[in-house]
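Colleague: Below is a structure I'd like to ask you about.
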Amino acid sequence: QLRLQLGEAAAAAGECAAARGALDAVPAEAGVDAAAKRRAWGLTQTAETLAALEATLAFLSTGSFPAPAPNPNGLDLDAEYVAGLLGAAQQLAHYAVGRATAGDAASIGICRDGVQRLHGALLEFDFRNGPLRRKFDGLKYALRRLEDLLYEQSLVGRTVGAASAEEGDDGFVAALAEIKVRFDASDAAREVVIKKARDVQKGAKQAIFACHRGDAAKAKTLTDAAAAAATAILEDPDLVARWPALRHGALSCALEEYAEAKLF
């Protein structure tokens, strides 16, 4: 990132390639779930920062954001890719400030057009409250900054044409359309998991209350029912089996409650 800020794009690309190689090697250990290991090692933020730098370098080279990279480890990287694009948009807004000092209105216009197309594609998404939503909320400020820079350039006679909705052949726009379909499917599955996890948590709580009353038989019946409900959620091919990230949140809390009931 520092290399990029210093204008050393070639060196930054080399550093990014080395970082990507190290990151992709993390889950290569046999017998370890790649996604779980990545989360456990706290690499999500690092991966998103790296994705943002890669997207920025690709844009500076081609004038367009890149399509998603191949995913040999089978990880669910949609959120990481979208976060990378959003981070790249912020980087381009900073880059444009430097180009404004050099009077390079054309480069600012290219950045504005790319960020504008990204903004238009992401407006179709229904982001839930969370890191991605906050990053998306900042996108409009990056776009506004680029438009302000172009306006300031026009005051001294440096103008560029308005962005065309049909300009460019952006593979990332098609990729985002596909990602939106997966996001929508994941959101629908999340609602089902939340609803079913309540049954697990309710049964576990009632089992603990039964233990308090000394009714061991009823407690066992309730914990068995909670275990069956949890197993159904985990083994359903359309829920956690397909979207591993759904294990966190409501289901994780319900499983903790179930574990407490069993230990009690």
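Colleague: Of all residues in the stretch 241-259, which are at pLDDT 90 or above and either farther than 30 Å from C211 by Cα or out of contact with any helix residue (DSSP H, G or I) (no Cβ under 7 Å at 6 or more places or on another chain) (or both)? Explain how you work it out, then say what you get.
Modeller: As a first pass, look at the stretch 241-259 and keep what is at pLDDT 90 or above: 250-259.
Selection gives S252, E256, A259.
Colleague: Take the stretch 143-185 and flag every residue that is open to solvent by less than 50 Å² (accessible area, probe 1.4 Å), at pLDDT below 90 and of a type outside the set (A, V, I, L, M, F, W, C).
Modeller: To start, the set of residues in the stretch 143-185 that are open to solvent by less than 50 Å² (accessible area, probe 1.4 Å) comprises 143, 146, 149-150, 153-154, 163, 170-172, 175-176, 179, 183, 185.
Those still in the list that are at pLDDT below 90 too: 163, 170-171.
Passing the criteria: D170, G171.
Colleague: Now for a different question. I'd like the residue in the stretch 204-235 that is in contact (Cβ under 8 Å) with a residue 40 or more places away in the chain and open to solvent by less than 60 Å² (accessible area, probe 1.4 Å) and, out of all such residues, is farthest from the chain's Cα centre (by Cα).
Modeller: Within the stretch 204-235, the match that is farthest from the chain's Cα centre (by Cα) is C211.
Colleague: Now for a different question. Where in the stretch 1-87 are there helices (runs of 4 or more DSSP H), lying fully within it, with 1 or more residues that are among the small types (G, A, S), modelled with pLDDT of 65 or more and in contact with a helix residue (DSSP H, G or I) (Cβ under 7 Å, 6 or more places away or on another chain)?
Modeller: 9-25, 44-62
Colleague: Now for a separate question. Taking into account only those residues within the stretch 111-142 that are among the aromatic types (F, W, Y) and assigned to a helix (DSSP H, G or I), which is surrounded by the fewest Cβ atoms within 10 Å (Cβ to Cβ)?
Modeller: Out of the qualifying residues, it is Y141.
Colleague: Take the residues in the stretch 236-258 that are without any contact (Cβ under 8 Å) to a residue 24 or more places away in the chain and assigned to a helix (DSSP H, G or I); name whichever of them is least open to solvent (accessible area, probe 1.4 Å).
Modeller: S252
Colleague: When you check E191 against the structure, is it touching a residue at least 24 places away in the same chain (Cβ under 8 Å), assigned to a helix (DSSP H, G or I) and open to solvent by 20 Å² or more (accessible area, probe 1.4 Å), yes or no?
Modeller: In short, no.
Colleague: While we're here: Restrict the check to the stretch 90-98 and report whether at least one residue is at pLDDT 90 or above and either within 12 Å of the chain's Cα centre (by Cα) or among the aromatic types (F, W, Y) (or both). Step through it out loud before you land on a result.
Modeller: To start, the set of residues in the stretch 90-98 that are at pLDDT 90 or above comprises 90-97.
Checking which are either within 12 Å of the chain's Cα centre (by Cα) or among the aromatic types (F, W, Y) (or both) leaves us with 95.
Checked against the condition, which is being at pLDDT 90 or above and either within 12 Å of the chain's Cα centre (by Cα) or among the aromatic types (F, W, Y) (or both), the stretch 90-98 yields at least one hit.
The values are calculated or read from the model by the stated rules, or taken from the named source; none is laboratory data. Keep in mind it's a predicted model, so treat the numbers as computed, not measured. All Cβ positions, glycine included, derive from the backbone under ideal geometry; neighbour counts span all protein chains shown. Surface accessibility is based on the protein's heavy atoms, side chains included, excluding ligands, DNA and RNA. Shrake-Rupley method; radii C 1.70, N 1.55, O 1.52, S 1.80 Å.
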